[in-house]
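Q: Can you keep this structure in mind? I'll have questions shortly.
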Amino acid sequence: MARARRAAPCSRPIWTPCAPPGRPRCATGIRSKGRGGAPVSGRRTPDPHMSDFSSHHAGGALPRWFRALRRAVDLVTGGLNVAGTLLILALMVLVNADVIGRGAFSAPISGVPEMVSMSIVAIVFLQIAQTFRRGRMTRAEALLNTLDRAAPRLRLGLDLLFAIAAATLVWVLFSASLPLFEKAWVRGTYEGTVGDFTAPVWPVKLIILVGCAALWVQLVLSACETLLRLMPGKDRT
């Protein structure tokens, strides 16, 4: 019978970690704590209902009356945006019907070029206010992003200056378009050829006025919101 082995002397157990320690993770929009309880900043998800101005610095709560006014104006601009989208769909159907009728039946639809040219202007002014509200206006953000990290209040000041200048420009455009609408309404100006196709111009002129007014209101609200965020962070009701 083989001699039994001597028992191995007791030794201190060695614990092997299952995985190497990594950096503490942070979910989008949530701050988690790392070693020593130090907060680890994560990337915050911008609110889709905030404009490009207000999505960067939430310095202080906005007054309730301002939030209620903002929701009401957003509802109107959202409705205009939906109307513009429906007009795009109607335009697509009209153009395809004209192409099919022209190619298959040699029967094109009269007035399609005129309706397309008028509808493009109407679509732009129906959707421009919502485009600004969502922060989708085309602009170079290299300088703005640098200021956002280095000097947030200076960034807000530039946003305020931009909103005031843009509101002034839109007001000039509204003032210049109003006489054109009155002229088209009184004289019955139309597009097209008599005997073939004619369409009144005043609906497009009216849409230009409505779009300018909606964009002007959004710009003024953005300027007021940026000004409120530049103020010291106190509870405002």
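Q: Where in region 137-237 are the helices (runs of 4 or more DSSP H), entirely inside, with at least 3 residues that are of a type in the set (Gly, Ala, Ser)? Steps first, please.
A: Numbers: elements: 142-150, 152-187, 202-230.
Qualifying helices (runs of 4 or more DSSP H): 152-187, 202-230.
Okay, residues lined up against (1) without any contact (Cβ under 8 Å) to a residue 12 or more places away in the chain; (2) out of contact with any Leu (no Cβ under 6 Å at 6 or more places or on another chain); (3) over 30 Å from Val95 (Cα atoms):
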{"residue": "Met115", "(1), (2), (3)": "no, yes, no"}
{"residue": "Leu126", "(1), (2), (3)": "no, no, no"}
{"residue": "Arg134", "(1), (2), (3)": "no, yes, no"}
{"residue": "Ala140", "(1), (2), (3)": "yes, yes, yes"}
{"residue": "Leu158", "(1), (2), (3)": "no, yes, yes"}
{"residue": "Ala165", "(1), (2), (3)": "yes, yes, yes"}
{"residue": "Leu169", "(1), (2), (3)": "yes, yes, yes"}
{"residue": "Tyr190", "(1), (2), (3)": "yes, yes, no"}
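Q: Just to be sure I understand the filter: pairs with C-beta atoms under 7 Å, separated by 6 or more residues or on different chains, first member in region 81-94 and within 14 Å of Leu126 (Cα to Cα), second member among the small types (Gly, Ala, Ser). Which pairs pass?
A: As it stands, the answer is Leu87/Ser119; Leu87/Ala122, since those pairs meet every condition given.
Q: Among the residues of region 79-114, which ones are out of contact with any Phe, Trp or Tyr (no Cβ under 8 Å at 6 or more places or on another chain) and acidic (Asp, Glu)?
A: The one that is out of contact with any Phe, Trp or Tyr (no Cβ under 8 Å at 6 or more places or on another chain) and acidic (Asp, Glu): Asp98.
For (1) part of a helix (DSSP H, G or I); (2) modelled with pLDDT under 95; (3) more than 14 Å from the chain's Cα centre (by Cα); (4) buried (at least 16 other Cβ atoms within 10 Å of the Cβ), each residue gets a yes or a no:
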position	(1), (2), (3), (4)
Pro46	no, yes, no, no
His49	no, yes, no, no
Asp52	no, yes, no, yes
Ala58	no, yes, yes, no
Trp65	yes, yes, yes, no
Gly79	yes, no, yes, no
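Q: Anything in region 105-155 that is loosely packed, with under 13 Cβ neighbours inside 10 Å and touching a strand residue (DSSP E or B) at 6+ places or on another chain (Cβ under 8 Å)? List them, or say none.
A: Answer for region 105-155, where residues must be loosely packed, with under 13 Cβ neighbours inside 10 Å and touching a strand residue (DSSP E or B) at 6+ places or on another chain (Cβ under 8 Å): just Ser117.
Q: A further question follows. Looking at region 117-129 only, could you name the residues that are of a type in the set (A, V, I, L, M) and within 18 Å of Trp202 (Cβ to Cβ)?
A: Applying the first criterion (of a type in the set (A, V, I, L, M)) to region 117-129 yields 118, 120-124, 126, 128-129.
Once the filter is applied, which keeps residues that are of a type in the set (A, V, I, L, M) and within 18 Å of Trp202 (Cβ to Cβ), region 117-129 yields Met118, Ile120, Val121, Ala122, Ile123, Val124, Leu126.
Q: Might you check whether a residue that is over 28 Å from Arg70 (Cβ atoms) and in contact with a Ser or Thr (Cβ under 6 Å, 6 or more places away or on another chain) occurs anywhere in region 173-194?
A: Checked against the condition, which is being over 28 Å from Arg70 (Cβ atoms) and in contact with a Ser or Thr (Cβ under 6 Å, 6 or more places away or on another chain), region 173-194 yields at least one hit.
Q: Which of the residues that make up region 88-100 are closer than 20 Å to Thr198 by Cβ and either surrounded by 13 or more Cβ atoms within 10 Å (Cβ to Cβ) or of a type in the set (Ser, Thr, Tyr) (or both)?
A: Scanning region 88-100 gives Leu91, Leu94, Val95, Ala97, Asp98.
The values are calculated or read from the model by the stated rules, or taken from the named source; none is laboratory data. All values reported here derive from a predicted model rather than from experimental measurement. Glycine also receives a Cβ, built like all others from the backbone with ideal geometry; neighbour counts cover every protein chain displayed.
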